[in-house]
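Right, one structure below, let's go through it.
The numbers here are math on the coordinates, done by the rules we state, and not lab data. Please read all numbers here as calculations on a predicted model, not as lab measurements. When we count neighbours, we look across all protein chains shown, and the Cβ atoms used for this are built from the backbone with ideal geometry, even at glycine.
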Amino acid sequence: MDLFSCDVLVVGGGGAGLRAAIAVAESHPRLRVAVISKVYPMRSHTVSAEGGAAAVIKAGDSQDAHAYDTISGGDWLCDQDAVEAFVREAPEEMLRLEHWGCPWSREPDGHVAVRPFGGMKVERTWFAADKTGFHMLHTLFQTSLKYDAIQRYDECFVTRLLVDEGRCQGLVAIELATGKVLAIAAGAVILCTGGCGKVFPFTTNANIKNGDGMALAYRAGAPLKDMEFVQYHPTGLPFTGILITEAARSEGGWLLNKDGYRYLQDYDLGKPEPRPVLRSMELGPRDRLSQAFVKEQEKGRTIEGPYGHYVHLDVRHLGEKLIDRKIPFVRELCLKYMNIDPVKEMIPVRPVVHYMMGGISTDIDGATPLAGLYAAGEAACVSINGANRLGSNSLTECLVFGARAGQAAAEGAGQRGEPSPALVAQAQDEQRRIEERFLHGTGGAEKIATLRAEMHQTMEASAGIYRTESTLKEAAGTLEGLQERLPDVALDDHSHTFNTELTAALELSYMLDLAQAIVQSALERRESRGSHQRTDHPGRDDGAFLKHSLAYRSADGRPRVEYLPVKITRWPPGQRVYGR
């Protein structure tokens, strides 16, 4: 086992992680910063974000308007002090990224171009064609290379946080290329590992999005906040789950049922008008568009294919010139993965899991209740997203709260010496666990793929777009049974070099922990709010549930749910509406 130390250790090399590392290097240049990631940073999932990043830049817009859209869109479960900080610092972060070289799309007069996005009253979403995350991540990665204080540990898989005297002081990881176990001591640890969409079978998330950081914090004693709120994106490709960006609808795409009818005009999407106007109904909030799809399916007005039901997204009327200028990646994805040219053909789409509103509970500066541990990005819940994230807020969130977490961690870290004997002993225990349980263990007859498939089936059936108490209770029992079967998983690969079966087993254990937290939190929230829709409790209940759920891991491994009041500053709960 190799031992290392640093002052601030960032887990995850995506948008939030790199922004946090840069913030440490800028604000405290004498501190040693390490970034550890299970993939090369440019393979982080931020690279796949397409549509854009929200920040006030245009005349006629305001930070108060951005805040209200965010809070209303989140069905009043957002912490409003965090939202106010977010909308205030978002333009600064976006302009800073431009100065670092991010090639934002421009209007003919040279001004930054913005596009409309779902649930926002005005156009405030900056974009770089439809490869926004790609360009943002390139910019952050290249900027991080300027700082000698930033050291990277690429392709290392974190298996445990090291906690001593009530403080997180480092972690244990496996170097994937060699199987060597690393122990890294740190004055502060920042988790920026993204979401956990792979808990579900159909998701826009990459295979690396297994909730690693969430599960690590959960096991170390930090609570997970608002895990019941899982966002479905209404337009994913049916087989792969690949995202067809909301930008396709913001540019004028239509959602059509099997009869070629723009069915969203039949649903209450939160517009002030009795019926959504045809001009903008496809830009309703994501949760309500996904719910409308389910209603269309129940009415027999969707199309059934080999990978389930779907509807069509039609952009043909936009024309080849606009498609190639504004949403070229949409065309590329359709051609490569569906053999469809959206210039000439309609795109089959269905709701797929896209984003976790919940995550590791943090304060406004990214600090978790566990001393020395911070979090930012989708892994964290600060909470600015409440019960339903508005599209294009998440990329900006990575910048704003990545920077905040980096600065706070740097101030709280101090300079780190060599790992203490207590930390070394914990790291050695973890190394023995990996060797004896997985690499040298005989295990039983269970297979990773079998347990994972059963988890997927359970989550889709019970914790999807609509939920009931009976199905959630059944899911809780099924997941507990899967946890009991997990120790009987046997690995066929006992090698050390790039042992993907080992990482898959560890990832499955993370996902089962998170699946239990999602289901239990959903079971105990007896109301419908945003993306959490209980058919047995169809109304929003501010009297009983205007509060965040906090899931703690009990000694027996089961989740225990407590509650925390939502922070209201200026906007009391009201009717949830959107649009112009």
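For the reader, a short list of remarks on this structure follows.
- Amide H partners (placed H, <5 Å) of residue 77, local residues excluded: 387
- Extreme residue, positive dipole direction of the chain, given options 151, 129, 4 (C-beta unit charges): 129
- Listed candidates [x] -0.50, -1.40; [y] -0.65, -1.24; [z] -0.60, -1.54 - label of the one calculated as log10 I(q)/I(0) by the Debye sum over Cα atoms at q = 0.08, 0.13 Å⁻¹: [x]
- Electrostatic dipole magnitude of the stretch 240-385 [Cβ: Lys, Arg +1; Asp, Glu -1; Cα centre; debye, to 20]: 440 debye
- The stretch 399-413 versus the stretch 239-260: alpha-carbon centroid distance in Å: 37 Å
- Note, ³J(HN,Hα) from phi for the stretch 290-303, Karplus 6.51, -1.76, 1.60, rounded to Hz, x at Gly and Pro: 5, 5, 5, 4, 4, 5, 4, 5, 5, 7, x, 10, 9, 10
- Extreme residue, positive dipole direction of the chain, given options 238, 119, 569 (C-beta unit charges): 119
- Size of charge dipole - the chain - debye, nearest 20, with Cβ of Lys, Arg +1 and Asp, Glu -1, no other charges: 1060 debye
- Charged-residue dipole, Cβ positions (Lys, Arg, Asp, Glu), the stretch 107-169 about Cα centre, Debye nearest 20: 160 debye
- When the pairs 225/473; 295/321; 299/336 are compared against a 24 Å limit on Cα-Cα distance, 295/321; 299/336 fall above it.
- Averaging Cα coordinates gives a centre for the stretch 307-324 and one for the stretch 29-69; these two points are 27 Å apart.
- In order along the stretch 169-177, the Karplus-derived 3J(HN,Hα) couplings, from 6.51 cos²θ - 1.76 cosθ + 1.60 at θ = phi - 60°, round to 10, x, 7, 10, 9, 9, 6, 5, 5 Hz, and Gly and Pro are given as x.
- Relative contact order computed over the chain (Cα-Cα under 8 Å; 6+ residues apart), in percent: 23 percent
- Backbone HN-Hα couplings from phi across the stretch 227-241 [Karplus 6.51/-1.76/1.60, Hz, Gly and Pro as x]: 6, 6, 9, 10, 8, 8, 8, x, 10, x, 5, x, 7, 8, x
- The separation of the stretch 336-354 from the stretch 144-198, counted between C-alpha centres, amounts to 37 Å.
- The alpha carbons of the stretch 177-304 stretch over 58, 32, 29 Å along the principal axes, in descending order.
- Volume per residue of the C-alpha convex hull in the stretch 23-113, rounded to whole Å³: 166 Å³
- Of the residues 319, 371, 83, the one whose Cα sits farthest towards the positive end of the charge dipole of the chain is 319 (charges of +1 on Lys and Arg Cβ, -1 on Asp and Glu Cβ, taken about the Cα centre).
- Relative contact order (percent, whole number), the stretch 164-261, Cα cutoff 8 Å, 6+ residue spacing: 17 percent
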